[in-house]
Each structure stands twice: as C-alpha cells, then as structure tokens.
Amino acid sequence: MLATTPIILASKSPRRQELLTLMGLNFKVELKDVDESYPDGLSPAEIAVYISEKKAKAFNANGEIVITADTIVALNGEILGKPENRTHAQEMLRKLSGSKHEVYTGVTLAKGDLIHSFYDRTEVYCKAVTNEEIDFYIDHYHPFDKAGSYGVQDWWGIVVVQRIEGSYTNVMGLPTEKLYNELLKMV
C-alpha cells in the first residue's frame, strides 16, 4: 500500500505538498539546488521532463522513492515560466487573457538506480480580462512563484479560467491521477 511507502518530495511547492497529503502518502520534503536550464530545441513536454529528471538525479535515495516535478506553461510555443517581477507577471497574464494555453508537468520517480519519468498535458482556456483585473490579481494573490503567473486553485482559476481539458491537478503542478498509478508500479 502506498500509505506506508517512504517518499521524498523534492519540491517546496505548497500545492504539491497539499496534493500528496490529499493522496494519503507518507512523505517528507527535501530540497536540493538544481540548475533548471535546458537545451534549446526541446518541446514543452521534453523541457518539463528534462528538468524533473535533473532534479531527481541530485538525490541518492536507496529505500525511498523520490518524486520530482516541473511544470511548464506554453502559449503558442512560447514558454511562460515564473515571472521575474510585477511587470513580467502583467505581460504574461495579458498574453493568457482570452486565449488557450497548455500546461505540462514532467514527473520523475527515482528509487535506487531506477529512474522513471512521465508527463501530463492539460489545455486551459481563459476569458479576456482587463488590466485592472490583472493588477487586482497580482496585488492580492502574488503569483510570483507560479509558472505562467497564475494559480488555477485561486482567483484566476475561479474567475478567469473558463474550462480545462485534462487533469486539473496537473495545472496545480502535479498530475495526481497518473502519479498514483506510476507509484503503484514501483512498490
């Protein structure tokens, strides 16, 4: 049973921690500094998996399963990472306003010499918003630690996201449905 499997979550994301808790998993959080750069020419899915594998390779877990993840927001092929500052967040949110984008999360599970990676993709449709609404969102929700400058679980997701096609938890940063099934294969 997964509830007794020792797991290391290599993420400071409170959303990922909350999702693992809701899954009933026994985990502890450990962090390593990892360069999150990637080679040119990779697709958004390849970028997410590449970075998640880099994070996993920083660990040497023998009896525990290490879970690493990386979430990428892509709009017409452009990668929208975490905003550098307020102006950058405003620019990203203006781009997302009234458009469809994709969210990719790459996940890597590592145990001993075994490294297994997968990804999930979700399409997100946003209604058009005003500059005032964007400023309200940034002022009240401070989305500076989120890919694409928004969280689907907060005001943006409740008011701006019209619909999603795919996994909701993937947009939060961890495709729990796939993760659960992949973890079952490792225990």
Exercise for the section: Could you give the size of the charge dipole of the chain about its Cα centre, using +1 on the Cβ of each K and R and -1 on the Cβ of each D and E, expressed in debye and rounded to the nearest 20? Expected result: 360 debye
Exercise for the section: Go through (1) 18.7, 58; (2) 16.5, 51; (3) 17.4, 58 and flag the label whose value is the computed Rg and Dmax of the Cα atoms in Å for this structure. Expected result: (2)
Exercise for the section: Show the residues, 5+ positions off or on another chain, whose built amide H is closer than 5 Å to the amide H of Gly98. Expected result: Cys126, Lys127, Ala128, Val129
Handout entry: For segment 1-33 versus segment 140-171, the gap between their alpha-carbon centres in whole angstrom
Key = 21 Å
Problem - Selection from Ile138, Ala128, Tyr104 lying farthest towards where the dipole of segment 98-149 points positive, charges on Cβ - result: Tyr104
Exercise for the section: Report, ordered by chain and residue number, the lysines lying within cross-link reach of Lys82, taken as a straight Cα distance under 23 Å and ignoring same-chain residues fewer than 8 apart. Expected result: Lys12, Lys32, Lys54, Lys55, Lys57, Lys95, Lys100, Lys127, Lys146
Handout entry: Amide H contacts under 5 Å for Phe59, placed H, 5+ residues apart
Key = none
Completion exercise
Rounded to one decimal in nm, the spacing of the 7 Å Cα→Cβ label points at Glu30 and Arg163 is 4.4 nm
Completion exercise
Within the set Tyr38, Tyr125, Tyr104, GNM on the chain using Cα springs under 10 Å gives the largest fluctuation to Tyr38
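Rule-based calculations on the coordinates, nothing more; no lab input. Remember, it's a predicted structure, so these values are computed and weren't measured experimentally. Reconstructed Cβ throughout: ideal geometry from the backbone, glycine too, with neighbour counts over all protein chains shown.
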